[in-house]
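Data block below; observations after.
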Amino acid sequence: MKIGCPKEIKPQEYRVGLTPNAAREAVNHGHAVYIETAAGTGAGFTDADYAAAGATILDTAEEVFATADLIVKVKEPQPAERARLRRGQVLFTYLHLAPDPDQTRDLMASGATCIAYETVTDDRGGLPLLAPMSEVAGRLAPQVGAWTLQKANGGRGVLLGGVPGVLPARVLVIGGGVVGTHAAKIAAGMGADVTVLDRSINRLRYLDDVFGGMFKSAFSDAATTMDLARQADMIIGAVLIPGAAAPKLISRAQLADLKPGAALVDVAIDQGGCFETSHATTHHDPIYTVDGILHYCVANMPGAVPRTSTLALGNATLPFVLALADKGWRQACTDDRHLLAGLNVHAGQLTYAAVGVALGLPTITAVQALTI
């Protein structure tokens, strides 16, 4: 199979869909790999690295899309990229369709088969291709939140860990999944007073068993959430409903109850954000203020550390890339129900129910799509 990897064009996105080692593995499996020139530069990989792995370097994204049967990316395709997709081509990348009707319609119109990293599942009920970036984003969240809290950035001027004789900042993490767990670990490690909220008692038990007194936990009902939010210097939104739009956990009206200069870090922004006042920002211009509350809502947070992120993502995606290339998408998805769960669009049809609900569009099942 011809596997193509274009350079990412989303602003301040420096990750790359295939590492040189992944390209070498694909070539060793008998596939041809085509890399757009300079695609890996932001992550520290040169064209020479890819050429040494057996890949062919192409000058433009247009050539990559025109040549490849399977396109492997990181971020959702931008409008120019969506226009290059064609019927029968397979796209394997993050999509986050629920809050993005324009992308959804474009992908359907292309006729391409689009498999989303963020909805591929595993035997433990996890999301193995989302988890690496959730780990990175979770670990970054307290770091960028601490920066946001600095007075020069408009924040409260609070040091996360405090100093002897001065209490540390209070950090509220809403969601105890992968993002929330890593955010809580790092924030607590920086010396903050951390509380994690979740609606799963079993998850709260797990966090208590594993982390003991490192941070506190509480059940996430509306009243408790707001009680703790009022006390917080930083609130990290880490709630995920796979493939669906994120729930809005703090309304604009409730911002008036928060501490002036508090920082909201919305790690759920790729799925529309979990604060009513959230909208996507970039690494170039990451924060804005609403009613005296700072919002950090960068939609590709792991792109800030592209070397680490690319290697972590590549480790997770490689087995699926090889399966798609070795077997073709239909057989690979037939053999692996977890990969089939990643199918979001095929031949003009939407195949992921949660996206259909979010956008008010009809869907078919992924199993039905296998026969089209």
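Each value in this text was obtained by applying a stated rule to the coordinates, not by laboratory testing. Here the structure is a predicted model, which is why all the values come from computation and not from measurement. No Cβ is skipped: glycine too gets one built from the backbone with ideal geometry, and neighbour counts run over all protein chains shown.
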Q) Could you give the distance between the Cα centres of the stretch 1-65 and the stretch 305-326, to the whole Å? A) 12 Å
(Q) Quick check on packing: order 296-306, 311-321, 122-132 by the mean number of other C-beta atoms within 10 Å, highest mean leading. (A) 296-306, 311-321, 122-132
(Q) What do you get for trypsin sites (Lys or Arg not before Pro) in the stretch 23-110 restricted to DSSP loop and a cutoff of at most 13 other Cβ within 10 Å of the site's Cβ? (A) Arg86, Arg87
**Q.** Calculated diffusion of the stretch 184-309, Stokes-Einstein form, Kirkwood radius summed over Cα pairs, 10 °C and 1.306 mPa s, µm²/s
**A.** 103 µm²/s
**Q.** For the chain, size of Cβ-based charge dipole, Lys and Arg +1, Asp and Glu -1, in debye
**A.** 340 debye
(Q) Suppose a student asked you for the relative contact order of the chain, using Cα pairs under 8 Å spaced at least 6 residues apart; what percent would you report? (A) 18 percent
Q | Cβ charges +1 (Lys, Arg) and -1 (Asp, Glu), total dipole of the stretch 131-299, debye | A | 200 debye
Q | Nearest-ten-degree value, helix 222-231 long axis tilted from longest Cα axis of the chain | A | 70 degrees
Q | Three principal axis lengths of the chain [C-alpha, angstrom, descending] | A | 63, 44, 38
(Q) For the chain, take the longest principal axis of its alpha carbons; what is the angle in degrees between that and the long axis of helix 131-148, to the nearest 10 within 0 to 90? (A) 40 degrees
Q: Give the angle, between 0 and 90 degrees and rounded to the nearest 10, that separates the Cα long axis of helix 306-327 from the longest principal axis of the Cα atoms of the chain.
A: 40 degrees
Q: Kindly work out what percent of the DSSP beta bridges joining two residues of the chain are antiparallel, to the nearest 5.
A: 20 percent
Q: Pairs of lysines 8 or more apart, or on different chains, with alpha carbons under 15 Å: count those in the chain, would you?
A: 8
